[in-house]
Amino acid sequence: RELNRSSTCPVVGGRLAASRAAAADSADAPARPPDARRRPEARAEAEKEEFQANTHRLIMEDDNQNPYLLMRKAKIARNEARLKSLGLHSTKQQSVTPRPKTAPAARAKPAAHDGPVRRSGRLSSKAAPNYKDVSAPGVERRLPSRKRLHDEAGLLEEEPLNKRSYTKPAAPRRSAPAANSVRSISLDVAHLVTDTEQGVLGRMLEHTGKEFVINTAFSSASEDDKARLHGTKLSFNKYCGVQEWANCIFLWVNLGNADSPNEFLGGGRQITWFGGSRMHDESPVVEKLIRYGKDATSRDKIILWCRMYQTETKKFSPYACLGRLGYQSHIPRSQPLSFVWNLLDHDQLTSHSEKDVCDLFQSFIA
């Protein structure tokens, strides 16, 4: 404000003189008649000129006010003029109806307790409960499994722990095998293994993999199963170390690898075998293995298939049939389950008429 009044600054004084001259000229000029059909550009230009004229007029009226307040008043006047032209300007102040105040709901007071504050059986003159008397009211008749009633008086006697019998959990029910499942096929094990002309005892198959073994063994299936499943792809679990058939079991054993702890014992008369991570003593297949292995009347229930890891190619060789197995021993409740099996065809493998069979067996047990 002091600069505007100072006559020593020609720039500021010249601007203020020019703005006052423009305001005086605009005041002397006749008012333009309103045109309702103006284009938007012309209307905006007219509003801009009107805003500038009002600003200069307010400056001329009161030169002592703050320029910011003068511009604010000019904008308010412009907005009110715009609202009047649109018929939206109202001088009535909107009244806000105050919200009625409601009193909070009264909370119900708890009922006064006439008795003693402490809930003591001695202070309330109640009889102490007899926990040994099962006929007393309020005492449940549910008892621990190792306790039993001794006589009619209801006295209890603990059963010694060494007399408690182990209750084997019930084995889960297995679903019926599919029509093309290997579990539904019966094999002629004697024809498959010990046949002098077509038997696979001591022989390595032509191709690798369990599927080739399954298809080779299917040639010794019963005639009904052959007719029923002719041209059908057989279903089996290639990731399991045990393969069940309807009347026998195949054991798959890997040798020569760091991840394969199986080994031959007693010059090849026995072999160790470990069950899978999900196998335990109550598994149906484990129970069947023990039952088949101990059955002295039938020696055609468990067949051993082995393959050797080849360090040159870093792959496993095709499977070779090393005959039938019998149960020797196992470690119950071990993880994984550890078995020792007897090779029932050991003598035939070591004294076979074909030298290739003897050499192959010696390479496995070396």
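What the table shows:
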quantity: Check on Leu251, in contact (Cβ under 8 Å) with a residue 60 or more places away in the chain and either farther than 30 Å from Thr311 by Cα or within 39 Å of the chain's Cα centre (by Cα) (or both); calculated: yes
quantity: Only listed residue being assigned by TED's automatic domain parsing to the domain that holds Val200, in contact with a Leu (Cβ under 6 Å, 6 or more places away or on another chain) and surrounded by fewer than 19 Cβ atoms within 10 Å (Cβ to Cβ), chosen from Arg333, Arg299, Arg291, Arg278; calculated: Arg299
quantity: Flag for Arg324 being at pLDDT 90 or above, in contact with a helix residue (DSSP H, G or I) (Cβ under 8 Å, 6 or more places away or on another chain), within 22 Å of Gly202 (Cβ to Cβ) and surrounded by fewer than 17 Cβ atoms within 10 Å (Cβ to Cβ); calculated: no
quantity: Search result, residues across the stretch 75-101 that are among the polar types (S, T, N, Q) and at pLDDT 90 or above; calculated: Asn79
quantity: The stretch 228-240 residues that are in contact (Cβ under 8 Å) with a residue 12 or more places away in the chain, paired with ones that are surrounded by 10 or more Cβ atoms within 10 Å (Cβ to Cβ) and of a type in the set (Val, Ile, Thr) (beta carbon under 6 Å, 6 or more apart); calculated: Leu234/Val182; Leu234/Ile214; Phe236/Val182; Phe236/Ile214
quantity: The one condition in (1) under 25 Å from Leu192 (Cα atoms); (2) in contact (Cβ under 8 Å) with a residue 40 or more places away in the chain; (3) of a type in the set (Gly, Ala, Ser) that Ser353 fails to fulfil; calculated: (2)
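Here's the yes/no breakdown for (1) among the aromatic types (Phe, Trp, Tyr); (2) part of a strand (DSSP E or B):
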site	(1), (2)
Thr297	no, no
Trp305	yes, yes
Arg324	no, yes
Gln335	no, no
Gln348	no, no
Gln362	no, no
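The values are calculated or read from the model by the stated rules, or taken from the named source; none is laboratory data. As the structure is a prediction and not an experimental result, all values here were calculated from the model. No Cβ is skipped: glycine too gets one built from the backbone with ideal geometry, and neighbour counts run over all protein chains shown.
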